[in-house]
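Bear in mind these aren't lab numbers, they're just calculated from the coordinates by the rules spelled out. Computed from a predicted model, the values in this text were never measured in an experiment. All Cβ positions, even for glycine, are placed from backbone atoms using ideal geometry, and neighbour counts span all protein chains on display.
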Amino acid sequence: MAFGIDTLAALNDPDFNWANFKQWKGEWPSFVGRYFGGDQNATTGEFTSFKSTTGNQCQYVLPIQACVQANQQQTGSEGLSVGASDAETTLSNLKSFLGELAIPDSGLVYVYLDVEPNVRLTPAYWSGWANAIRTGTDSSGTESFRPALYCQYVQDSSTGLWGPNSLVAQALNDACTDWPGYAAVCYGLWPAQPEDVPASCVPTAGPDWSVFSQFSQNLCGTETSVPVLVYQYIEGCLCVEDGYTDFAGLSNSSKFMPCGTTHYPNNNLDLDGTDSTGAESYMLVIS
């Protein structure tokens, strides 16, 4: 099972010691999640540098648009417009890296919208955003991009299974009805829960994927299954335990917090899904 890291930090940040990560986990990450819209965006050269650092072992990049709460909660035509505008900015940023990054053999790249807990994502924003991603073209003029979603998952008390929180589910299910004619399909989900104990920072074999319920998006009366493609199973795993140096070798760095504090750095360990779709098939490839 492939694993990766999503991070706010540039991958060629000189403070990182990626060799320590290999020693800690026993292998290089095969993919990384980076922002191309919102905040803490990718910087020129970081992917080529990172691929070289990992001995060409890390080859895939999962593109993310950061959460801007005020935008994602806009309703009506304003929500539709700002959603489209945010998506177009993200795609413009992403396409500026084509050359350092390439479209995978599948011909498709899934772009993930980051929706943080308690954000009331509106059907209008999702419809505008998803439609702009779906109809956006790469440098060859091909519609290579597909909208996907990173979000909070919650546990159903009756089944014990985990699924998208009600705010996200409602936005996805109402999008087609509220805004017919827009491409509002969600192509993949990336759960942020359930989480391993973040303070442990222990690389495990990974979770039982059967903990996730099958989410089906209601598209104007037609139910469409949306697969779980990536799972963030340890949040803030770059903390520093007593007598332990985190994988980047930064036991005394301001970039990282001691384990057990209320705030963890935004560097998380992720797993590629085990289903036949395979998340890496839809990630950008580091050239």
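Which numbered condition in (1) closer than 23 Å to residue 228 by Cα; (2) not in a strand (DSSP E or B) is the only one that residue 79 fails?
(1) is the only condition that residue 79 fails.
Collect the residues in the stretch 34-91 that are out of contact with any Cys (no Cβ under 8 Å at 6 or more places or on another chain) and at positive phi, keeping them in residue-number order.
Those that are out of contact with any Cys (no Cβ under 8 Å at 6 or more places or on another chain) and at positive phi: 40, 45, 55, 56, 76.
Given the options 58, 67, name the one that is part of a loop (DSSP other than H, G, I, E, B), touching a residue at least 12 places away in the same chain (Cβ under 8 Å) and surrounded by 22 or more Cβ atoms within 10 Å (Cβ to Cβ).
58
Out of (1) within 16 Å of the chain's Cα centre (by Cα); (2) farther than 23 Å from residue 280 by Cβ; (3) polar (S, T, N, Q), the odd one out for residue 90 is which?
(2)
Can you name the residue in the stretch 113-125 that is in contact with a strand residue (DSSP E or B) (Cβ under 8 Å, 6 or more places away or on another chain) and surrounded by 24 or more Cβ atoms within 10 Å (Cβ to Cβ) and is also farthest from residue 284 (Cα to Cα) among such residues?
Checking each candidate, the answer is 121.
Looking at the stretch 134-148, which of its residues are part of a strand (DSSP E or B) and either surrounded by fewer than 24 Cβ atoms within 10 Å (Cβ to Cβ) or more than 19 Å from the chain's Cα centre (by Cα) (or both)?
The one that is part of a strand (DSSP E or B) and either surrounded by fewer than 24 Cβ atoms within 10 Å (Cβ to Cβ) or more than 19 Å from the chain's Cα centre (by Cα) (or both): 146.
Give me a count of the residues in the stretch 111-133 that are among the aliphatic types (A, V, I, L, M) and in a strand (DSSP E or B).
Residues flagged as among the aliphatic types (A, V, I, L, M) and in a strand (DSSP E or B) within the stretch 111-133 amount to 3.
Write out, first by first residue and then by second, each pair whose Cβ atoms fall under 6 Å of each other, whose residues are 6+ apart or on separate chains, and whose first residue, in the stretch 174-188, is closer than 17 Å to residue 108 by Cα while the second is acidic (Asp, Glu).
none
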